[in-house]
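All remarks here apply to the structure that follows.
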Amino acid sequence: MTAPVAAALQMVSTGDVAANLARARKLLERAAESGARVAVLPENFALLAADERVKLRHAEPPEGGPLAAFLQEQAARLGLWLVGGTLPFASGDPDRVRAVCVLVDDTGVVRARYDKIHLFDVQLSGAEGYRESATIEPGRDPVVAETPFGAVGLAVCYDLRFPELFRILADRGAKWLAVPSAFTRTTGAAHWEILVRARAIEEQLAVVAPDQGGRHPGDRQTFGHSMVVDPWGAVLDRVTEGEGLALGPLDRDRLADVRRRLPAREHRRLADPWPRL
C-alpha cells in the first residue's frame, strides 16, 4: 500500500489576515492537487505583523473563531487533515494569548489542540531580540493525537531546542511529528536543519517541518527551508525561500525498518533526566 503523503507549506505571512488566508488557501489547494493527505501550515500563518500586540485583537475564544473556522472549512473542502500552524487564542491574561496549534480532520472536525510550551525570549544581537512571553502565555501539556497516518506529536518552532519534549511525544506513541515554525534567518541559518534532523534521528520519527520563509513587516526575516524528513534523518523534500510546499511520505514501514535495524530506543539506560546540579 502506498504511504500517505504529507505537505509542509512554506509562507511569507504579513499583517494582512485576509491576504494570508488567501495565500494559505492556494497552497492548501496545491497540496491536495499534489496528492497530499495531510498538510501542515507554518507558525503565525494567519498573522505576522510588525507589532506583536496586533495578535491580541485577533484572539479566538476557546471554542474557536474565524481563523479556526477557516482551517475547518479548508480541511472539509479539500479532504485534507490539517495542522494549523499557530493561531492566537484568548488566555487568562488580557495582555497575552496562547499560540495554539490545532489538528483538524478531513471532515473539518478539530481533533486536538496544542498550546506552544517554550517561548522565544532571546537577544541575538544588539539590534535583534525577541520576547514572545510579552504577548504569549505558555502552554504546559505535550499533545499526541491519532490520525489515519499514525499518531502525531505536535510541537512549535522554539520547541525544537528541547529534546525532552520529543522524547515524551515518542514515548506517548507518536509515529510522526508536525513542527510548524517561524525560525529567524539568524538562528535558522545556524541551527534549523540540524535541529529538525536531530529530532527525527533521536526519536526515529518522520518530521513535517514548515517554516516561514522571507521578509515580513518590521524588517523581520525568517529562514525558510521547510522540509519533510524521514525517520533515518534523510531530507525527502525542501523549499528554500518564498512560498512553496515540500512533500514526503509518512511511511510506517520505513519507520519500523529503521527501528528494527538500529533499535536505539530499546537500548536506553536512563529513563529519567539527569538531576539538575
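Here, each number is a calculation from the coordinates, and none is a lab measurement. This is a predicted model, so every value here is computed, not measured. Note: ideal-geometry Cβ built from the backbone for every residue, glycine included; neighbour counts use all protein chains shown.
Once amide H atoms are placed 1.01 Å from N in the peptide plane, what residues at a sequence separation of 5 or more from Val97, or on another chain, have their amide H within under 5 Å of its amide H?
Long-range HN contacts for Val97: Ile136, Glu137.
Determine which aspartates and glutamates satisfy two conditions relative to Lys26: a Cα distance under 20 Å, and not lying fewer than 8 residues away in the same chain.
Excluding near neighbours in sequence, the set is Asp16, Glu43, Glu73, Asp105, Asp106, Asp211, Asp237, Glu241, Glu243.
For the stretch 1-133, what mean projected area does the convex hull of the alpha carbons give, in nm²?
9.1 nm²
Return the whole-Å distance between the Cα centroid of the stretch 55-107 and the Cα centroid of the stretch 122-192.
Cα centroid to Cα centroid, the span is 17 Å.
Restricting the calculation to Cα positions, tell me the Rg (one decimal) and the Dmax (whole number) of the chain in Å.
My reading of the Cα-based Rg and Dmax gives 17.5, 54 Å.
What list of ³J(HN,Hα) couplings, whole Hz, do you get for the stretch 15-28 from phi and the Karplus terms 6.51, -1.76, 1.60, once you set θ to phi - 60° and write x for glycine and proline?
Per-residue couplings from phi come out as x, 9, 4, 4, 5, 5, 5, 5, 5, 4, 4, 5, 5, 5 Hz.
Given labels modelled 7 Å from the Cα in the Cβ direction, how far is it in nm from Arg172 to Ala234?
Result for the modelled spin labels: 3.0 nm.
Remind me, what semi-axes does the stretch 139-277 give for its equivalent ellipsoid, largest first in whole Å, using sqrt of 5 times each Cα gyration tensor eigenvalue?
After diagonalising the Cα gyration tensor, the semi-axes are 26, 18, 13 Å.
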